[in-house]
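Accompanying notes for the structure given below.
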Amino acid sequence: MVNKTVKKTSDSTIISLDKNRLPRHIAIIMDGNGRWARSKGLVRTLGHENGVDALRRIATASAEIGIEYLTVYAFSTENWHRPKSEVKALMSILVRALRKELSTLLDNNIRLQAIGEIALLPNEIQKQLREVIQLTSEGDRMALTLALSYSSKEEILRATRLLAEDVQRGFLLPENITEEVFENYLYTRGMPHPDLLIRTSGEYRISNYLLWQLAYTELYFSPKLWPDFTKEDLYQAIAEYQKRERRFGLTSEQLNENT
């Protein structure tokens with residue numbers, strides 16, 4: 001018997017999700033904070049603050065329905081090139097959010113993780129990250145991973161350098177390098193690849209995010225700006241994901257033979 005969970009959206013639309021076919025890992029590009037603020041005549045920082053509220057909603061909803069991994073693009077290496085005042089405000093928002101959201105993470109049994117060039121972040125943020133990661137490390141309901149100062153190209157180059165060093169030291173033979181071996185050098189080692197990528201704000205690109213890991217990920221693009229993205233929008237994205245046939249290079253007939 002198919003295990004269904006029914007979610008009712010704010011506009012009374014019923015969304016039925018198959019609990020047996022939930023994506024194990026969802027990745028999100030949280031786009032549109034600045035445009036959301038501009039559309040309301042507000043400063044950009046208020047858009048980012050409301051973006052934190054949206055992340056709280058989506059992380060909590062994801063944990064509630066049984067998502068095991070949620071990875072969000074919080075700050076890219078390209079974002080360092082934004083106006084210094086905005087970067088400073090973003091860092092301040094991040095510090096406050098880490099302090100404020102600790103109770104939410106603990107209450108929902110969510111463990112926090114971070115990937116990216118963390119050493120480039122201000123010391124105060126590194127300190128807060130370490131503390132929250134340590135305090136939530138026992139959370140076994142869901143892993144929430146923040147991609148901070150993150151670039152997928154940099155991640156792949158870093159992995160390649162580390163792998164080359166191990167070959168040079170004689171720890172690894174070139175002929176023994178497989179996809180599985182290579183993945184052990186990525187920031188995301190030990191994590192399953194995302195099943196579903198959600199990008200908000202109506203943009204249709206992946207912006208240097210998890211390029212290796214997204215090879216067979218289902219992509220879902222929402223016109224909503226991130227601060228307006230609700231748990232009902234999350235359910236809709238998952239419902240669309242469940243309509244798709246994931247073939248991983250095989251034919252439909254081959255998949256049917258294997259089921």
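The values are calculated or read from the model by the stated rules, or taken from the named source; none is laboratory data. Bear in mind that the values here come from a model prediction, so they are computed numbers and not experimental data. For neighbour counting, all protein chains shown are included, and Cβ atoms are generated from backbone atoms with ideal geometry for every residue, glycine included.
Below, the figures for the structure above:
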read-out	value
When residues of segment 56-86 are limited to those that are among the hydroxyl-bearing types (Ser, Thr, Tyr) and at pLDDT 95 or above, the one nearest to the chain's Cα centre (by Cα)	THR71
Test: residue in segment 182-193 that is crowded, with 19+ Cβ neighbours inside 10 Å, closer than 26 Å to GLY47 by Cβ and in contact with a Leu (Cβ under 8 Å, 6 or more places away or on another chain)	no
Which listed residue is in contact (Cβ under 8 Å) with a residue 12 or more places away in the chain, assigned to a helix (DSSP H, G or I) and of a type in the set (Asp, Glu), from GLU124, GLU138, GLU165	GLU124
Residue that is surrounded by the fewest Cβ atoms within 10 Å (Cβ to Cβ) [pool: residues in segment 93-132 that are of a type in the set (Asp, Glu) and modelled with pLDDT of 95 or more]	ASP107
Condition met for LEU148 (at pLDDT 95 or above, out of contact with any Phe, Trp or Tyr (no Cβ under 7 Å at 6 or more places or on another chain), within 28 Å of VAL181 (Cβ to Cβ) and in a strand (DSSP E or B))	no
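A quick yes/no check of all residues on (1) of a type in the set (Lys, Arg); (2) free of Cβ contacts under 8 Å to residues at least 12 places away in the same chain; (3) out of contact with any Asp or Glu (no Cβ under 9 Å at 6 or more places or on another chain):
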residue	(1), (2), (3)
MET30	no, no, yes
ARG35	yes, no, yes
ALA63	no, no, yes
ILE67	no, no, yes
ALA97	no, no, no
